[in-house]
Structure formats: structure tokens, C-alpha cells
1. Tell me what the chain gives for mean residue ellipticity at 222 nm when only DSSP H runs of n ≥ 4 count, each as -39,500 (n - 2.57), the sum divided by the residue total, rounded to 500 deg cm²/dmol.
2. State, to one decimal in nm, how far the label point of E229 lies from the label point of L208, with both points 7 Å from Cα in the Cβ direction.
3. From the Cα gyration tensor of the range 145-205, with a ≥ b ≥ c the square roots of its eigenvalues, which class applies: rounded if a/c is under 1.5, or else prolate if a/b is larger than b/c, or else oblate?
4. If I model a spin label at V85 and R152 as a point 7 Å from the Cα along the Cα→Cβ vector, what separation in nanometres do I get?
5. Suppose all protein chains stay in the model; what accessible area per residue would a 1.4 Å probe give for the range 72-172, in Å²?
6. Ignoring ligands, DNA and RNA, what percent of the 1.4 Å accessible area of the chain is carbon and sulfur?
7. Picking from G130, G69, G54, which is most flexible by a Gaussian network model of the chain using Cα springs under 10 Å?
Amino acid sequence: MRTLVAAAENALSVEARAVQSGGTSAGPIYRMIERRIRSLNVSGTLLDVGCGVGSFRPFAPDGISRYVGADVLHFEQFPDDAEFVKVDLDSGRVPLPDGFADVVVAAETIEHLENPRAFVRELTRLARPGGWVMITTPNQLSLLSKLTLLLRNEFSAFRAGSYPAHLTALLEVDLRRIAAECGLTDVSVDYSRSGRVVLTPWRYPNALSRLFPQACSDNFMISARTRSE
């Protein structure tokens with residue numbers, strides 16, 4: 001009982017969850033976002049919500065002329081020459097104006113939050129008319145995650161060791177529905193093309209990940225466009 005109470009108290013601390021996450025994600029996730037930004041030829045201001053230590057910044061394409069990070073903690077590793085905005089993503093709005101950025105990125109952030117719908121509404125508000133919102137999260141439809149659910153009754157990225165950092169497991173269909181609720185258009189899904197082979201420490205070969213991206217990717221991304229005025 002004491003363990004459960006302690007876990008519950010820790011889950012209430014958004015700062016503690018941010019520390020547990022380490023403030024960074026894997027390279028394949030950042031490259032997935034980079035590929036999408038390049039394919040859309042997006043330029044201008046990029047707002048990285050849930051930026052952590054700012055690890056995505058080196059992956060931002062040359063067309064991104066301004067990088068701004070927003071998070072609950074200002075990690076020491078965050079670049080000194082980058083702009084930072086502090087915000088509690090569970091309970092507060094990002095203190096930036098409507099339509100602030102040309103592209104709003106949330107890499108591996110939504111699964112840490114209590115209210116994903118409120119979060120996507122906020123990301124939508126921050127993107128300019130005709131701008132882009134890009135959200136990545138663990139892929140519950142990967143072969144690894146499906147087998148973990150079958151054998152252990154838990155998604156792979158949401159087992160006990162990931163709690164309370166990981167709170168909310170979302171499927172592709174959930175994010176598509178949330179995007180529609182927020183009035184976002186041109187919705188598409190991409191995959192990290194990087195995933196762990198079941199019952200091994202190995203990663204799938206690139207050729208196999210490209211052939212079966214949903215099954216062989218640990219993470220996926222939904223990207224969508226705000227309506228033009």
C-alpha cells in the first residue's frame with residue numbers, strides 16, 4: 001500500500017515526471033520529424049513543446065530560422081543561445097500568442113500528460129493558420145507492443161518501469177480523432193522505422209522496417225495542418 005501511495009504522489013508531480021523522462025528522445029524519432037518537415041518544405045519558427053534538453057534542435061532543417069523550446073523544467077543542458085518558455089503542460093497554457101509558430105512539435109510528450117485533448121488544442125492554438133502540428137508517441141500497434149499486451153496485459157512502453165512518466169497510451173486512431181476534434185486537416189501518420197525485435201535487444205533491419213513500418217517501429221508521428229484563415 002505504501003508503494004502505491006508513493007507512486008500516486010509522485011505521479012502528481014509533473015516536475016518529477018519530467019526528470020524521469022530524462023528530457024530527451026531517440027535519434028530515430030527526431031529524424032522522423034526532420035523528414036516530415038523537409039518533405040513539407042516548412043520554414044520559419046519552430047516551437048518545441050516538451051523540449052526537454054533541446055535535443056531536437058540540431059535536427060531542425062536549415063529552413064527553420066527560429067527555435068523556441070517550452071517545458072516544465074529548464075534543463076541545464078538546454079542550449080544557452082536558444083529561447084525557452086516555462087510551462088506546466090498538465091495545467092497551463094504556453095505563454096505565447098495564438099499562431100506563434102509555423103510548426104509546433106511535441107516529441108514524446110503527450111504520453112506524459114493527463115489530458116491529451118487539451119494538449120492538442122493548445123498545440124493547435126500555437127500554430128499559425130495553415131501551419132503544422134507534429135506529435136510523436138510510442139507505437140502501441142508495433143509487434144513488440146502487441147505481444148507485450150497479449151502476454152503481460154500491458155503495452156510495452158507503459159509497463160511499471162515507465163510509470164509515472166508514461167501515463168497515457170494512445171493509438172493512431174485516437175490521435176486522428178483528436179486532430180479532427182481540433183479542426184486539423186491533412187492528417188498523416190509516419191513511423192520511426194526503428195524498433196526492438198521481440199525477446200531480444202536487437203533492432204529490426206532497415207529494409208524490414210521500411211517494408212513493415214507499423215509493425216517494426218517503436219514510435220509513430222501524426223502531423224496535421226491548421227485551417228487557413
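1. Calculated from helices alone, the mean residue ellipticity at 222 nm is -9000 deg cm²/dmol.
2. Here the answer is 5.1 nm between the modelled labels.
3. oblate
4. Label-label distance for V85 and R152, simple model: 3.7 nm.
5. On a per-residue basis, the range 72-172 sits at 45 Å².
6. The C+S portion of the solvent-accessible surface of the chain is 52 percent.
7. So, out of G130, G69, G54, the one fluctuating most is G130.
The values are calculated or read from the model by the stated rules, or taken from the named source; none is laboratory data. As the structure is a computational prediction, the values presented were derived from the model and not from experiment. Don't worry about glycine lacking a Cβ; one is built from the backbone with ideal geometry, like all the others, and counts go over all protein chains shown. Protein only, heavy atoms only, side chains kept; ligands, DNA and RNA dropped before computing areas. Shrake-Rupley method; radii C 1.70, N 1.55, O 1.52, S 1.80 Å.
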